[in-house]
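Enquirer: This structure is in structure tokens; I'll ask about it shortly.
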Amino acid sequence: MASYLMTLEEAAAALRVSTDTVRRRIRAGRLRAYRFGPRMLRLRRADVEREAKGDVVRVGPATTPGRGWK
């Protein structure tokens with residue numbers, strides 16, 4: 001998996017919260033998650049770092065990356 005993507009566990013460790021909190025932030029639109037298959041979610045490292053700094057960005061629900069996504 002690309003180094004610019006993080007698992008839920010890695011994101012939780014970076015934010016110093018539980019994976020449940022990361023999932024809540026995804027549902028609330030504070031973090032964007034990308035779905036790779038039915039069970040695998042990944043988060044962009046830049047998005048997690050922005051959340052850690054406290055920058056507020058509202059996003060939509062988890063998406064599947066399309067053509068040209070990076």
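The values are calculated or read from the model by the stated rules, or taken from the named source; none is laboratory data. None of these values were measured; they are calculated from a predicted model. We place every Cβ from the backbone using ideal geometry, glycine too, and count neighbours over all the protein chains shown. Calculation scope for accessible area: heavy atoms of the full protein, side chains included, ligands and nucleic acids excluded. Shrake-Rupley method; radii C 1.70, N 1.55, O 1.52, S 1.80 Å.
Enquirer: For region 28-43, check the following and say yes or no: at least one residue is under 10 Å from the mean Cα position of the chain (by Cα), at pLDDT below 90 and at negative phi.
Expert: yes
Enquirer: While we're here: Contact list please: Cβ distance under 7 Å, first residue in region 20-31 and over 15 Å from Gly54 (Cβ atoms), second residue at pLDDT below 95 and open to solvent by 90 Å² or more (accessible area, probe 1.4 Å), pairs at least six apart or on different chains.
Expert: So the pair list comes out as Gly29/Arg58.
Enquirer: Just to be sure I understand, how many residues within region 3-22 are part of a helix (DSSP H, G or I) and closer than 15 Å to Phe36 by Cα?
Expert: Adding up the residues that qualify gives 1.
Enquirer: What are the residues in region 32-59 that are part of a helix (DSSP H, G or I), of a type outside the set (D, E, K, R) and either in contact with a strand residue (DSSP E or B) (Cβ under 7 Å, 6 or more places away or on another chain) or free of Cβ contacts under 8 Å to residues at least 24 places away in the same chain (or both), if any?
Expert: The answer is Val48, and nothing else.
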